[in-house]
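Some notes on the structure that comes next.
No lab work stands behind these numbers, since they all come straight from the coordinates. Note that this is a predicted model, so its numbers are computed, not measured. Reconstructed Cβ throughout: ideal geometry from the backbone, glycine too, with neighbour counts over all protein chains shown.
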């Protein structure tokens, strides 16, 4: 396995950390906007919004039926992300760009995902594509700050 093949799963882990942080933030915001909704449905909505943003829809039930039944609301919530969570624009921009690079290395074209994020004002156009180590540092720090990941200290004897 060459270095690039080892790097892609690590980068995808960083993408997932950013998605988990966004999930926590989004679910909290959705609770405020939809106080009558059950917690499980708020989680499904948050997940569907993130899956829609990243172009990774969940094809399993009950998530598929939920996404179909709430497609308009999911699109509305995706459209609110830039205004509602401006502090997440940098991590989302980096995650989407890294996802695009990983996808292209694996033979998938996810350019439409970037274009949609750009059109919605989420993608920061003048931001450089992050180097792998910078991206992983951003993802880890964000994960630690939001209690999604924890720092592990290895003590040497």
- Message: Taking the 0 to 90 degree range and rounding to the nearest ten, how far is the long axis of helix 89-105 tilted relative to the main principal axis of the chain, both from C-alpha atoms?
- Response: 70 degrees
- Message: For the chain, compute the orientation-averaged projected area of the C-alpha convex hull (one quarter of its surface), in nm².
- Response: 11.5 nm²
- the chain, helix-only ellipticity at 222 nm - DSSP H runs n ≥ 4, -39,500 (n - 2.57), divided by all residues, nearest 500: -22500 deg cm²/dmol
- Message: Using only the alpha carbons of the stretch 89-157, what is the convex hull's orientation-averaged projected area in square nanometres?
- Response: 6.3 nm²
- For the chain, longest principal axis from Cα atoms; helix 71-84 axis from its Cα atoms; angle between them, nearest 10 degrees, is 60 degrees
- Item | Average Cα contact separation per residue, the stretch 3-145, under 8 Å, 6 or more apart, as relative contact order % | 32 percent
- Between residue 16 and residue 38, with labels modelled 7 Å along Cα→Cβ, what's the label distance in nm to one decimal, could you check? 2.7 nm
- Taking the chain as the reference, fit the longest principal axis to its C-alpha atoms, fit the long axis of helix 132-145 to the helix C-alpha atoms, and give the angle between the two in degrees, 0 to 90, nearest 10. 50 degrees
